[in-house]
1. For Cα pairs less than 8 Å apart in space and 6+ apart in sequence, what is the mean separation divided by the residue count of segment 74-140, i.e. the relative contact order in percent?
2. What's the carbon and sulfur percent of the chain's accessible surface, probe 1.4 angstrom, rounded to a whole number?
3. Near the amide H of Trp138, under 5 Å away, which other amide H atoms are found, from residues 5 or more places off or on another chain, if H is placed in the peptide plane?
4. Could you point to the residue in Leu101, Leu85, Val52 farthest towards the positive end of the chain's charge dipole, with +1 and -1 charges on the Cβ of Lys/Arg and Asp/Glu respectively?
5. Would you mind finding the longest exposed-site-free stretch of the chain, with exposed GluC sites (Glu not before Pro) meaning DSSP loop and at most 15 other Cβ atoms within 10 Å?
6. Counting only residues 5 or more places away or on other chains, whose amide H sits under 5 Å from the amide H of Leu43 once H atoms are built in the peptide plane?
7. Under unit Cβ charges (Lys, Arg +1; Asp, Glu -1), what dipole magnitude, rounded to 20 debye, does the chain have relative to its Cα centre?
8. Just need the relative contact order of the chain here, percent rounded to a whole number, with Cα pairs under 8 Å and 6+ apart.
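The values are calculated or read from the model by the stated rules, or taken from the named source; none is laboratory data. This one's a predicted model, so the numbers in the text were calculated from it and none came from an experiment. For neighbour counting, all protein chains shown are included, and Cβ atoms are generated from backbone atoms with ideal geometry for every residue, glycine included. Note: areas computed on protein heavy atoms with side chains; ligands, DNA, RNA excluded. Shrake-Rupley method; radii C 1.70, N 1.55, O 1.52, S 1.80 Å.
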Amino acid sequence: MVQLYMKSTAVELVVDTSALLAVLLGEPERPALIARTEGAVLLAPGSVSWEVGNALIAGFRRKRLNARQVGDAWAFFERIPLRLLPIAVAKALELAEQIGLYAYDAYILEAVRTRRVPLLTTDKRLRAAAAGLGLEVWEATR
């Protein structure tokens with residue numbers, strides 16, 4: 001008897017810093033974001049760790065986070081199974097110039113555009129920019 005096994009293909013999904021921070025910091029969207037990413041392969045530009053670190057320190061400097069919260073959030077971030085993607089920075093910078101985005105946001109959109117996968121973000125401006133480019137955007141709800 002021959003058995004054929006079909007390899008199931010997990011959904012790939014680009015996540016941005018806003019979605020990651022919402023999970024790391026226990027924001028109200030956290031449960032929906034976790035549910036939405038269950039079983040997915042999470043992708044992000046290689047710059048995402050720097051951006052998360054920068055956001056955590058910004059929260060500390062603004063006294064929204066204490067040192068322990070920063071450390072705990074970073075330790076949790078390091079356990080998230082992210083597949084980091086190389087980005088064509090020149091293309092992303094052109095996109096940033098055309099749409100009026102920061103480079104970090106353009107890196108996310110370039111990742112979505114080149115991988116042809118959905119974007120998961122809580123950032124309204126980034127969501128609108130992605131939709132304007134005809135890219136698929138997932139909401140943080142089921």
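1. Details: 52 pairs, mean separation 15.9, N = 67.
In percent, rounded to a whole number, it is 24.
2. 54
3. For Trp138, whose amide H was placed from the backbone, the distant partners under 5 Å are Leu119, Leu120, Thr121.
4. Val52
5. 39-135
6. Excluding prolines and chain starts, which carry no amide H, the hits are Leu13, Val14, Val15, Arg83.
7. Rounded to the nearest 20 debye, it is 260 debye.
8. So the answer I get is 31 percent.
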